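The values are calculated or read from the model by the stated rules, or taken from the named source; none is laboratory data. Worth saying up front: this structure is predicted, and the values here are computed from it rather than measured. Every residue, glycine among them, receives a Cβ derived from its backbone with ideal geometry; neighbour counts consider all protein chains shown. Ligands, DNA and RNA are stripped out before the accessible areas are found, and what is left, the full protein with its side chains, is counted by its heavy atoms. Shrake-Rupley method; radii C 1.70, N 1.55, O 1.52, S 1.80 Å.
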Amino acid sequence: MDHPTPPSYSEGVQKYIDRANQALAARKRDIARARKFRFDTIAVHGLYTATEAIEKNQGAIIEPVFASSGQAYRDSDEMEAAQSGLIPTWAYIRIHNPTLAYLEDTLALLESYGTDADAECVVYSSGMAAIENLTDTLLVKSGNDPINFVAQCQIYGGTYQQFNVRKMQERGIEVRWILDPNNLDEWRSKIDRHTRFLYGELPSNPGLVFFDLAKPIALAHEHGIPFVADSTIATPALMRPFAYGADIVVHSVTKTMSSSGTGTAGAVIARKPIVTNIPNDRMRADFCTYLREYPHRDQGGCLHPFQALSSMNDLRTLRTRVDVWSQSALKVAHFLKQHAAIIDVNYLGLEDHPLYPVASKYLWLVDAEHDDRYGKKVNRYGHLLSFRVKGGPAAARKVFDRLQLIMRVTDLGRVKSIATIPSISTHLQQGEESRKKAAIPPDLIRLSVGAEHVDDIVADLEQALGAAKGF
Ligand SMILES: Cc1ncc(COP(=O)(O)O)c(C=O)c1O
């Protein structure tokens, strides 16, 4: 068999290629080493080693922030090698930056922890930018055929608007909504040969809808298309969709991962390769590198290195925070459940919740079996819950307005407990009809439980619920 002649480069360029190959081999070894660590160790260190700290960064134990818009090259050979894609480069801050790489390495390792996935990550300026860039990249047209994608309708309001208005109404790309993501026949009935991907968010914000993830993933693969999971609310501390075969995971890193709340960040993490019916070998083989080199670079939703460091600093304690906050959320849910002024509490960790069995199949505190406090697998259900107050929307607003410690904020995953009424905030724009489909009634209060002592969170709710009396 004839082998194509390898391309030849000038001696100067070749020197940089050889040097880069050595660095890439060292990186592979670092990844293999990091994959042997437990989740907490990866969250704390990522791929940043003591050797790198000492040899390159004056011993700094925290990853350096490269606050620079551009990368200087040693000479024209290095510039040519870099710009020709022959050696790794970050070149310009919109394309990449070494500080972002530290965060990306950590996220890829955490999301593939304990799975067979070989994953890459690319970070964005926000969760919405990540969702847009990844979905638009998959929505490639083939000739004049109309294309579509299939998505669960219980998703974050911003994502709903992006799919329904930006893509469908403004650009004519059909989104086919799934009303019951636990109904596999519904997923199946919506797929045809022009479907580009399936999309789910679990647990969903704010309805906490959960489904048997492995099933639509297998269905997607039967049709040669990828499954994309928004795993923002679960975080890899509770669930890693790659373990069930998901191709792409997307996060609003802004939320629980970056709990101190200094800014927004998003991430796409993809298996290598993904399943896709798009005839683009590069995209299939390494979706994230493709994103970074082409669509992301051209669209410019880049993350600032300062925020990357802030997100990394929060990520280091992700597992412990999710564990403690989940336990607090369960206590809060039990308190609300027995309160006379409450008509409904939606928390996946309540045993009588209709989705408790399916959520319990997937939501496990990572490494609990290796933690002396537990020594066995332990379910945890996250920090997000919602509830309805007797007396309808007016009563709900009264209770909400009386909160003193818990702040009224359209956000979640913060170190501080915060609450919102989704129908007048996060899910306002999508309108009443789609809120009904997504099970977001006007009297629903969403609560994101933070790191305060749980007794103080309960006491604040108790005094606020006093206002519900008389409705
Ligand atoms: C589940 C989910 N996905 C995506 C987003 C969008 O993320 P960002 O606010 O970082 O753009 C949010 C925001 O609330 C969310 O809750």
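Worth a mention:
- Rounded to the nearest 0.05, the FRET efficiency derived from the C-beta distance between Asp118 and Ala72 at R0 = 45 Å is 0.90.
- Once backbone amide H atoms are built at 1.01 Å from N, Val209 has Ser204 as its partners under 5 Å, excluding neighbours fewer than 5 places away on the same chain.
- Between Cys121, Val409, Gly85, the Cα set farthest toward the positive side of the dipole of the chain (charges on each charged residue's Cβ, about the Cα centre) is that of Val409.
- Quarter of the Cα convex hull surface for the range 97-315, i.e. its orientation-mean projected area (nm²): 10.9 nm²
- Reachable aspartates and glutamates from Lys141, criterion Cα separation under 17 angstrom, eight or more residues apart if same chain: Glu132, Glu170, Glu174, Asp192, Asp281
- Residue (of Pro393, Pro7, His251) at the positive-pole extreme of the chain, dipole from beta-carbon charges: Pro393
- As computed over the range 318-468, the Cα convex hull volume per residue (Å³): 114 Å³
- Length, then width, then depth: along the principal axes, the Cα atoms of the range 54-170 run 51, 35, 30 Å.
- Packing-based ranking of 62-70, 283-291, 100-108 yields 100-108, 283-291, 62-70, ordered from highest to lowest mean Cβ neighbour count within 10 Å.
- In sequence order, the range 193-199 has phi-based couplings of 6, 9, 6, 9, 6, 10, 9 Hz under the Karplus curve 6.51 cos²θ - 1.76 cosθ + 1.60, θ = phi - 60°, and Gly or Pro positions carry x.
- Extension gain, Ala285 to Arg171, is 38.2 nm, computed as 0.36 nm per intervening residue step minus the present C-alpha separation.
- In summary, the lysines within cross-link reach of Lys255, defined as a Cα separation below 19 angstrom excluding same-chain residues under 8 places away, comprise Lys416.
- Each residue of the range 21-36 was assigned a 3J(HN,Hα) from its phi angle through the Karplus curve 6.51 cos²θ - 1.76 cosθ + 1.60 (θ = phi - 60°); the sequence is 4, 5, 5, 5, 5, 5, 5, 4, 5, 4, 5, 4, 5, 5, 5, 7 Hz, with glycine and proline shown as x.
- Counting only protein chain heavy atoms and rolling a 1.4 Å probe, the accessible areas of Met168, Met312 rank, largest first, as Met168, Met312.
- Highest average packing first - 397-405, 444-452, Cβ atoms within 10 Å: 444-452, 397-405
- Charging the Cβ of each Asp and Glu at -1 and of each Lys and Arg at +1, and nothing else, the dipole of the range 318-468 about its Cα centre rounds to 320 debye.
- Here the 3J(HN,Hα) profile of the range 292-297, calculated from phi with Karplus coefficients 6.51, -1.76 and 1.60 at θ = phi - 60°, is 5, 6, 10, x, 5, 4 Hz, Gly and Pro shown as x.
- Under 19 Å from Lys376, Cα to Cα: lysines that are on another chain or at least 8 residues apart: Lys361
- Once both labels are positioned 7 Å from their Cα atoms along Cα-to-Cβ, the gap between Ile17 and Glu293 label points is 1.4 nm.
- With both labels modelled 7 Å from their Cα along Cα-to-Cβ, the Ala60 to Ile424 distance reads 4.5 nm.
- Given R0 = 35 Å, the distance between the Cβ atoms of His370 and Gln338 translates into a calculated FRET efficiency of 0.50.
- Taken along its three principal axes, the alpha carbon spread of the chain comes to 84, 56, 40 Å, from the longest extent down to the shortest.
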